[in-house]
Amino acid sequence: MRTLLEFLALMLLGALLVVLGVILGDYASWYFAWIVGTAMIVLVSAAGLAWLDAQEAARAAAGPHPPSPRTASLPPDKS
């Protein structure tokens, strides 16, 4: 939760800097693109992490070694 609050505080600071850039100079669009791009990278990374976590949870729920499709159709070994 603390990380989320720190992230929100930094985003608020970034928004304040964008507003200051709009008021003071001509380069505000560059700052805006940088802030939006950084936020998008963070969101895409979080979505990828959530997807990976869901895959690992599904793999763990399936058991230690689920049968692969190739070996499941083979007849049992008669040695």
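No value in this document is a laboratory result; all are computed from the given coordinates. None of these values were measured; they are calculated from a predicted model. Glycine also receives a Cβ, built like all others from the backbone with ideal geometry; neighbour counts cover every protein chain displayed.
In table form, for the structure just shown:
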| item | result |
| --- | --- |
| Point-to-point label distance, residue 6-residue 41, nm (Cα→Cβ direction, 7 Å offset) | 1.7 |
| Per DSSP, loop chymotrypsin sites (Phe, Trp or Tyr not before Pro) in segment 1-43 with at most 13 further Cβ within 10 Å | 27 |
